Amino acid sequence: MASLLISNGVVVTLGETGRVLPGHDVLCDGGVIAAIAPHDPARRAERVVDAAGKVVMPGLINAHTHFYSAFALGLSKAAPSADFREVLEHMWWRLDRTLTVEDCRVSALVTLIGAVRHGATTLIDHHASPGAVRGSLAAIADAVIEVGVRACLCYEVSDRDGEAVAADGIAENVDFIRRCQRERGPHLRALFGLHASFTLGDATLEQAAAAGRELGVGFHVHVAEAAADQADCVRRHGGRVVERLERFGILGPGTIAAHCVHVDEREIAVLAETGTFVAHNPQSNMNNAVGTANVLAMLERGVRVGLGTDAMTTAMLEELRAAVWAQRQARGNPSVGFMEAVGLLTRANPSIASALWGLSLGEIAPDAAADIAVLDYDPPTPLTGDNLAGHLVFGLSQARVDATVAAGRVLMERGRLCLDLDEEAVMARSRELAARMWGRF
């Protein structure tokens, strides 16, 4: 792999120190950062990205998204929905049943190109295509490798489409997890996907839990996204969602519990005790009118909470802003939630991604992953380590991403993709496939 020099930028390290280093170079070699040093015009590398007048920061990490939802953009055939269950029945479950394996691959390409354009280099995906389960993760993985980012994939097992589809979902997870454990390449990782408690019977949940335990992996599951999930769990299983998942051995430090909007104090305690990672998705929760997760209470009790987009956007800094506003609106207090929301993106997301890859992600430091975003940002006020959070939320979030680097490879420079794919052809194919899918929908 060619050496890479990000030259003469304002380096924002994030990580534990959160330093701001004007006029610094970042030298990358072998897919990792080799050195950070004051700019030296004589410093050379096989590839140089000029970052003069720009901010150099770690590539952004998305803790929960759905690549398959790309074809929903502009789809207007779904009936109006009165609650979250109807959102699923009228829109998302109709959409995912229509997807082909090629749809899965192309929708992933579209989403990943968008991620590169917004400086996101690591994404944790949660996939569903009940009409095309087998081979779907391999197709998505092909897209991930083609674009060059990092992605952790899973297939969401559910009983909603019948026993055979649930069995295929378990097998798809098992096969892909084994592939990732065998290959251990820089781009792909896997978790064991589950939809949600209210679409999983005990028999299927036990089979999935046993398979996950045997493989030694964590799970990725929607948890109490809407109040109906809790009501169903109490009615059918005699307890709450987090308690049920704990009983089946689903929770733990390698597991991602997405949403957790309707968890009570006892469930928060269990999430903390088990070390389970929670992915907060504020824009999606507001869009679906399911409420706002009590992130502050979870953090106060020691729960690891990160930030996802649930496919509402590929722009993580946009989602960061929404996380701040959502906590303040929910509390009715304009002075809460700011640093906590910033920490979801800059500290918690790197922790789960670093554990998955066994490599330091989300910081610019020697031996950390060479995953970098260069933003076209000339701050109108002083930019320091002390006020960095303010610049992230109110300034950098509005800046154009100039360059994106993942695993030491330049994916975009000067706003132009540097990929071995034809973006225009990808978008044309996406429009063609989406139109066909809309017809089946």
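The values are calculated or read from the model by the stated rules, or taken from the named source; none is laboratory data. Quick caveat: nothing in here was measured; it's all calculated off a predicted structure. Note that we place each Cβ from the backbone using ideal geometry, even for glycine, and neighbour counts take in every protein chain shown.
The table for this structure:
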{"quantity": "Residue match in region 226-238 (condition: under 22 Å from Ser351 (Cα atoms), modelled with pLDDT of 95 or more and out of contact with any Gly (no Cβ under 6 Å at 6 or more places or on another chain))", "calculated": "no"}
{"quantity": "Exclusive hit being over 18 Å from Ser284 (Cβ atoms), more than 18 Å from the chain's Cα centre (by Cα) and surrounded by 23 or more Cβ atoms within 10 Å (Cβ to Cβ), set Val116, Val32, Val101, Val56", "calculated": "Val56"}
{"quantity": "Single residue of Ala373, Ala403, Ala353 found to be of a type in the set (Gly, Ala, Ser), surrounded by 20 or more Cβ atoms within 10 Å (Cβ to Cβ) and assigned by TED's automatic domain parsing to the domain that holds Val324", "calculated": "Ala353"}
{"quantity": "Within region 233-325, helices (runs of 4 or more DSSP H) holding 1 or more residues that are within 29 Å of Val374 (Cβ to Cβ)", "calculated": "282-287"}
{"quantity": "Restricting region 275-291 to residues that are crowded, with 18+ Cβ neighbours inside 10 Å and more than 18 Å from the chain's Cα centre (by Cα), the residue that is farthest from Gln230 (Cα to Cα)", "calculated": "Asn288"}
{"quantity": "Region 200-214, residues that are assigned to a helix (DSSP H, G or I) and of a type in the set (A, V, I, L, M, F, W, C)", "calculated": "Ala203, Leu205, Ala208, Ala209, Ala210, Ala211"}
{"quantity": "Selection from region 299-337 of residues that are in contact with a Lys or Arg (Cβ under 8 Å, 6 or more places away or on another chain) and touching a residue at least 40 places away in the same chain (Cβ under 8 Å)", "calculated": "Thr314, Val336, Gly337"}
{"quantity": "Whichever residue in region 292-301 is touching a strand residue (DSSP E or B) at 6+ places or on another chain (Cβ under 8 Å) and over 14 Å from Leu320 (Cα atoms) and, among such residues, is surrounded by the most Cβ atoms within 10 Å (Cβ to Cβ)", "calculated": "Ala293"}
{"quantity": "Yes/no for Ala353 being small (Gly, Ala, Ser) and in contact with a Lys or Arg (Cβ under 9 Å, 6 or more places away or on another chain)", "calculated": "yes"}
{"quantity": "Every residue from region 119-143 that is within 16 Å of Leu419 (Cα to Cα) and buried (at least 24 other Cβ atoms within 10 Å of the Cβ)", "calculated": "Gly119, Ala120, Thr121"}
{"quantity": "Answer residue from region 82-98, given it is among the hydrophobic types (A, V, I, L, M, F, W, C) and within 12 Å of Ala70 (Cα to Cα) and is nearest to the chain's Cα centre (by Cα) among those", "calculated": "Trp92"}
{"quantity": "Some residue of region 4-14 being aliphatic (A, V, I, L, M), touching a strand residue (DSSP E or B) at 6+ places or on another chain (Cβ under 9 Å) and surrounded by fewer than 17 Cβ atoms within 10 Å (Cβ to Cβ)", "calculated": "no"}
{"quantity": "For Arg409: the one exception among (1) crowded, with 20+ Cβ neighbours inside 10 Å; (2) of a type in the set (Lys, Arg); (3) over 30 Å from Ala323 (Cβ atoms)", "calculated": "(3)"}
{"quantity": "Among residues of region 158-182, those that are acidic (Asp, Glu) and in a helix (DSSP H, G or I), counted", "calculated": "4"}
{"quantity": "Some residue of region 373-383 being without any contact (Cβ under 8 Å) to a residue 12 or more places away in the chain and over 27 Å from Val11 (Cβ atoms)", "calculated": "no"}
